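Notes follow once the structure below has been shown.
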Amino acid sequence: MKTIGWIAAAGLAAAALVQSANAADLEQLKEQGFARVAIANEPPYTAVGADGKVSGAAPDIAREVFKRLGVPEIVASVSEYGAMIPGLQARRFDAVTAGLFMKPERCAAVSYSEPILCDAEAFLVKKGNPMGFKSFKDIADNADAKIGAPGGGTEEKLALEAGVPRNRVIVVPDGQSGLKMLQDGRIDVYSLPVLSLNDLKKKSGDDGIEVMAPVEGAPVYCDGTAFRKQDTALRDAYDKVLAEMKESGEFAKIIEPYGFSAAAAMSTSREKLCKG
């Protein structure tokens, strides 16, 4: 029995060492001088300019927090939402800063920071909303309707859960593609958060489309920066700086020009959101 106990203890110790070796270490990030982050190129959450410069509320917060932790730069990679958590787990990224909303199943897979950006769901439709869409169920009930949504994103899941058949849920890689597909009649509605669709419509200059918001029956979501499960020490250090920025008002100064509410993010918690 003593031998078995020793073997078990040795196994646990070895597992702990492996987990520690796989964890993202703040000192390592400081030494390399940057953190690798996943983004989605979905303004105002994230954006990539023609010059390659990364901006948006989520990476702007991440850049400032990491800077205060002694990591001077972030290096961003554009990813589909469905590939973000697998990429994080495969160590292609050190964090996800992309409007990846907290939900129980995601909280089981990653370690989130405290909330950063909150938003509600919306539909982009032809002017006058000719099909009368107010909810995802309305789309499911219309046998001819097709909806565009990000692959692996919240909107794709909400559509499928509402009963929209898989062949009528069209995966859209980015906002401009969704806009063009709606304009060309390849989809009847494009779904993203309110702020994302408002930004897309404003930049399009197209008076033939409009934003219908909020979507009936769809919850309000908040995101946070996502880390690997074993990276709780890094997450906790990140949370400490984030809390200081919220308290000082610097958090609001970064996200509110993008249209987000600091008060909304500060009114809830990771614990509450991860419970669903």
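Bear in mind these aren't lab numbers, they're just calculated from the coordinates by the rules spelled out. Values in this document were obtained by computation on a predicted structure and should not be read as measured data. A quick note on method: Cβ atoms are made from the backbone with ideal geometry, for glycine too, and the neighbour counts reach across all protein chains shown.
Tabulated data
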{"read-out": "Sorted by Cβ neighbour density within 10 Å, fewest at the top, the residues Asp184, Asp236, Asp231, Asp206", "value": "Asp184, Asp236, Asp206, Asp231"}
{"read-out": "Whole-number D in µm²/s for region 181-276 (Stokes-Einstein; Kirkwood sum over Cα pairs; 25 °C, 0.890 mPa s)", "value": "150 µm²/s"}
{"read-out": "DSSP-defined beta bridges in region 121-212 - what % are antiparallel, rounded to 5", "value": "60 percent"}
{"read-out": "Alpha carbon Rg of the chain, scaled by the compact-globule rule 2.2 N^0.38 Å", "value": "1.10"}
{"read-out": "Under the Karplus curve 6.51 cos²θ - 1.76 cosθ + 1.60, θ = phi - 60°, whole-Hz ³J(HN,Hα) for region 244-261, x wherever Gly or Pro sits", "value": "5, 5, 5, 5, 7, x, 5, 4, 4, 5, 7, 8, 5, x, 7, x, 7, 9"}
{"read-out": "Local electrostatic count at Arg186 - Lys and Arg +1, Asp and Glu -1, tallied over other residues with Cβ under 10 Å", "value": "0"}
{"read-out": "Point-charge dipole on Cβ atoms (K/R +1, D/E -1) for the chain, about Cα centre, debye to 20", "value": "540 debye"}
{"read-out": "Stokes-Einstein D (µm²/s) once Rh is taken as the Kirkwood radius of region 46-179 over alpha-carbon pairs, at 10 °C in 1.306 mPa s", "value": "94 µm²/s"}
{"read-out": "Antiparallel DSSP beta bridges within region 56-205, as percent of all bridges there, nearest 5", "value": "45 percent"}
{"read-out": "About the Cα centre, charge dipole magnitude for region 82-190 (Lys/Arg +1, Asp/Glu -1 at Cβ), debye", "value": "240 debye"}
{"read-out": "Of Lys202/Lys246; Lys134/Lys272; Lys127/Lys180, those spanning more than 19 Å from alpha-carbon to alpha-carbon", "value": "Lys202/Lys246; Lys134/Lys272"}
{"read-out": "Beta bridges by DSSP in the chain, antiparallel share as percent, to the nearest 5", "value": "55 percent"}
{"read-out": "Relative contact order of region 30-154, pairs being alpha-carbon contacts under 8 Å that are 6 or more residues apart, as %", "value": "28 percent"}
{"read-out": "In Å, descending, principal axis extents of the Cα set of region 121-212", "value": "33, 26, 21"}
{"read-out": "Mean residue ellipticity (222 nm) of the chain, computed from DSSP H runs ≥ 4 via -39,500 (n - 2.57), nearest 500", "value": "-12500 deg cm²/dmol"}
{"read-out": "Proxy reagent accessibility, fewest Cβ within 10 Å first, across Phe123, Phe93, Phe34", "value": "Phe34, Phe93, Phe123"}
{"read-out": "Residues Lys134, Lys246, sorted so that the one with the fewest Cβ neighbours within 10 Å comes first", "value": "Lys134, Lys246"}
